[in-house]
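Here is the structure we will look at, set down as structure tokens.
The values are calculated or read from the model by the stated rules, or taken from the named source; none is laboratory data. What you see is a predicted model; the values in this text were computed from it and never measured. Don't worry about glycine lacking a Cβ; one is built from the backbone with ideal geometry, like all the others, and counts go over all protein chains shown. Note: areas computed on protein heavy atoms with side chains; ligands, DNA, RNA excluded. Shrake-Rupley method; radii C 1.70, N 1.55, O 1.52, S 1.80 Å.
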Amino acid sequence: MKNIYEETKFLMKKYNLTANKKLGQNFLIDDEAINKIVDSANLTKEDLVIEIGPGLGTLTSMLLEKAGKVIAIELDDRMVKILQDRFLVYNNFELINEDVLKVNLPELIEANKQFKSVKVVANLPYYITTPIIMKLLENRLNIESITIMIQKEVAERIVATPGSKLSGAITYSVHYYAEPEEVTIVPNTSFIPSPEVDSEVIKLVIRKEPTLELKDEKLFFNIIKASFMQRRKTLANGLVNGGILQNKTEAVEVLKNIGLEENVRGEELSLEQFAKLSNEIYLRK
Ligand code: SAM
């Protein structure tokens, strides 16, 4: 049996293929990393897996063995041809040739509701990591977990404790919807072609119930966005520059009301403190 490196080389030669950098094509050639992704996704035959960006189908073939059904969403027509050749004999495989950001995921999940749970598993195209993650979370899809390979630097931000140095807007957004865990770090040499940076596999376990009481969810996310737009500025300035509050005096007053110093920075706040801030601002609107 070929290992993944040999199989990838073989497929690229057979189909006369070069990776399209613009589509974030870095093919995983590391058997150990693939096994870790699949193991941590914890799949059973009762699961529907949605795979984003299957590429040559390396991960797909493992997913098909473990899951009840795999729906693979791939934008590149050249990959679609390969995937059809490889997997259309499987009756538990469905291929969607579309930009994942345009796919109606709620409809797709509803059409497959015979499965006990839905899990997303993917080696994501890095140029649209954040929009994909936010689409999966914000739509409140009926999914249990998201196991993804992403850039290590982005992974570190996502798994950071909200309120710690590494936290950014994405830290708060992800922690609001899910519990993130680190799975494994994958060096850049584990891909063809090698990306410039290392990668990391993380798993987001979706929360069944929100942990925060928010008066206005949209306002909460707008406040977080405004707070991180200019990282070096204080939170009070961020709130004013982001159009959330009218002026610095008002911003300082709001912060004081919830027990925060006037020169506090956004990244110093916990998720609960952002919720408190958002509810306080909501009352003034
Ligand atoms: N899963 C394969 C692997 O692990 O080797 C390929 C992963 S590669 C990092 C990302 C894949 O996402 C590529 O196959 C690329 O064509 C696909 N892709 C890029 N943009 C996409 C989009 N907007 N919608 C769906 N797939 C996309």
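The residues of the range 11-36 that are open to solvent by less than 100 Å² (accessible area, probe 1.4 Å) and farther than 17 Å from GLU74 by Cβ, listed by number, are ILE29, ASP30, ASP31, ALA33, ILE34, ASN35, LYS36.
Scanning the range 195-214 for residues that are hydroxyl-bearing (Ser, Thr, Tyr) and under 14 Å from ASN123 (Cα atoms) yields a single hit, SER199.
For the range 174-185, does any single residue satisfy the condition of being open to solvent by less than 30 Å² (accessible area, probe 1.4 Å), under 19 Å from LEU28 (Cβ atoms) and within 16 Å of the ligand (Cβ to nearest atom)? Within the range 174-185, one or more residues are open to solvent by less than 30 Å² (accessible area, probe 1.4 Å), under 19 Å from LEU28 (Cβ atoms) and within 16 Å of the ligand (Cβ to nearest atom). Regarding the range 77-84, can at least one residue be identified that is open to solvent by 80 Å² or more (accessible area, probe 1.4 Å) and in contact (Cβ under 8 Å) with a residue 60 or more places away in the chain? Yes, that holds for at least one residue.
In the condition set (1) within 12 Å of the ligand (Cβ to nearest atom); (2) open to solvent by less than 30 Å² (accessible area, probe 1.4 Å); (3) within 21 Å of the chain's Cα centre (by Cα), THR8 is compliant with all but (3). Among the residues of the range 141-163 satisfying the criterion of being open to solvent by 40 Å² or more (accessible area, probe 1.4 Å), touching a residue at least 12 places away in the same chain (Cβ under 8 Å) and more than 16 Å from the ligand (Cβ to nearest atom), which is nearest to ASN35 (Cα to Cα)? Selected residue: GLU144.
From LYS13, LYS36, which residue is within 14 Å of the ligand (Cβ to nearest atom) and part of a helix (DSSP H, G or I)?
On the way: LYS13 fails: within 14 Å of the ligand (Cβ to nearest atom).
That would be LYS36, the only listed residue that is within 14 Å of the ligand (Cβ to nearest atom) and part of a helix (DSSP H, G or I).
Note on the range 60-76: residues that are open to solvent by less than 10 Å² (accessible area, probe 1.4 Å) and under 24 Å from TYR127 (Cβ atoms) total 6.
Of the residues in the range 179-199, how many are within 19 Å of the chain's Cα centre (by Cα) and assigned to a strand (DSSP E or B)? Number satisfying all stated conditions: 9.
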